[in-house]
Amino acid sequence: MKSSPYAVWSPELNDPSGLRKASDPETDNHGAGHAEGRGQTMVIDKGLGRNAFMDLIEIAADYIDCVKFGFGTAPLYNTELLLYKIKLAKRNNITVMPGGTLLETAVQQDVVPAFFDTICSLGFNGIEVSDGTIELSRSKRTELIQEGRKRGLRVVTEYGKKLSGSLIDATLLAITAEGDWEAGAELVTIEARESGVGVGLFDADGECREEVLESILEFVPDTKRIMWEAPLKHQQVHLLRKFGSDVHLGNISPNDTLSLETLRRGLRSDTFGFGIQEKPVKANYYMI
């Protein structure tokens with residue numbers, strides 16, 4: 001179903017930045033359709049129906065690396081519809097995972113083996129390991145990551161609490177991230193919820209807490225393995241300007257998927273500078 005706009009538009013119009021690499025399912029290491037080194041986009045699906053999800057994939061599959069069925073929505077679907085959405089995402093080389101809150105529920109209810117059995121039987125190819133609501137010991141967090149890897153799942157973890165007003169402890173983030181990566185997690189996501197307001201990196205107005213961001217960068221310099229939840233446009237713009245077009249961004253609304261890609265490529269006023277390239281100087285030769 002994936003389209004190829006590149007044959008129609010000139011490269012300068014398709015990607016003025018010249019920085020976005022096209023996805024190549026043949027060489028992709030994760031089966032997620034993203035090119036090596038390309039900034040990933042994780043879309044949060046809070047309950048799209050069949051037609052809406054099909055429209056999303058038809059329009060934006062080239063620009064989505066992961067779809068997360070938010071919170072604990074996955075068990076509430078009609079099974080036939082859930083299977084349809086999972087298969088459609090995977091057919092388009094997109095990682096599809098249940099929200100981390102569902103795994104937290106499995107831990108709380110002491111049904112973790114049943115959780116893994118079910119998501120694997122349904123065809124999910126990724127999981128999010130988080131402790132936004134419950135507490136996870138280091139050993140339990142490692143155990144969940146390793147179980148996911150053993151089951152052949154792509155594992156993304158999340159750091160931060162969902163409670164309004166919660167902040168990011170950069171020192172603890174660094175320790176947690178190192179432990180997660182060592183256990184086999186691909187990326188560590190910084191919590192901002194689906195609202196992007198009053199949690200983690202963002203204040204009550206949704207503005208970036210610069211002192212928190214700088215503290216994170218001091219203790220976690222390897223931002224290539226960090227995904228920032230940034231559901232609001234001005235947050236996406238801020239992080240793109242800070243880190244460049246290939247920063248990993250999560251909790252993106254389905255309706256904002258193409259919009260985010262235009263920001264990444266310099267096809268929108270906010271990041272228009274991404275597409276301003278220095279022109280090579282032509283040498284002038286004079287006959288004497």
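Give the Cα extents of the stretch 26-275 along the principal axes, in whole Å, largest first.
47, 41, 35
Taking Cα atoms, how many degrees apart are the long axis of helix 112-122 and the longest axis of the chain, rounded to 10 and kept between 0 and 90?
Tilt relative to the chain: about 50 degrees.
Considering only C-alpha atoms, what is the centroid distance from the stretch 35-104 to the stretch 121-183, in Å?
Their Cα centres are 19 Å away from one another.
Tell me, what is the FRET efficiency for Asp110 and Lys46 to the nearest 0.05, using R0 = 30 angstrom and their Cβ-Cβ distance as r?
With a Förster radius of 30 Å, E is 0.65.
Which entries in the list Lys150/Lys242; Lys68/Lys224; Lys46/Lys140; Lys46/Lys90; Lys87/Lys150; Lys46/Lys150 go over 25 Å, if you measure between the two C-alpha atoms of each? Each step should come with its number before you reach the end.
Details: Lys150/Lys242 36 Å; Lys68/Lys224 20 Å; Lys46/Lys140 27 Å; Lys46/Lys90 18 Å; Lys87/Lys150 21 Å; Lys46/Lys150 28 Å.
Beyond 25 Å between Cα atoms: Lys150/Lys242; Lys46/Lys140; Lys46/Lys150.
Give me Ile190, Ile44, Ile276 sorted ascending by neighbouring Cβ count inside 10 Å, so fewest comes first. Working shown, then result.
Working: Ile190 25, Ile44 21, Ile276 10.
Lowest to highest Cβ neighbour count: Ile276, Ile44, Ile190.
Order of Ser121, Ser245 from fewest to most other C-beta atoms within 10 Å?
Ser121, Ser245
Taking neighbour counts of Cβ atoms within 10 Å as a proxy for exposure, in what order, fewest first, do Asp180, Asp62 appear?
Asp62, Asp180
With axes computed from alpha carbons, what is the tilt in degrees of helix 170-183 against the longest principal axis of the chain, rounded to the nearest 10 within 0 to 90?
Around 80 degrees separate the two axes.
Figure the gain on full extension for Thr79 and Glu178 (residue separation times 0.36 nm, minus the Cα-Cα span) and round it to one decimal in nm.
Fully extending the segment from Thr79 to Glu178 adds 32.0 nm.
For the chain, what does the helix formula give at 222 nm: sum of -39500 (n - 2.57) over DSSP H segments with n ≥ 4, over the residue count, nearest 500 deg cm²/dmol?
Result for the chain: -11000 deg cm²/dmol, rounded to the nearest 500.
Bear in mind these aren't lab numbers, they're just calculated from the coordinates by the rules spelled out. Note that the coordinates shown come from a computational prediction; the quantities given were computed from them, not determined experimentally. Here the Cβ is made from the backbone with ideal geometry for all residues, glycine too, and neighbour counts use every protein chain on show.
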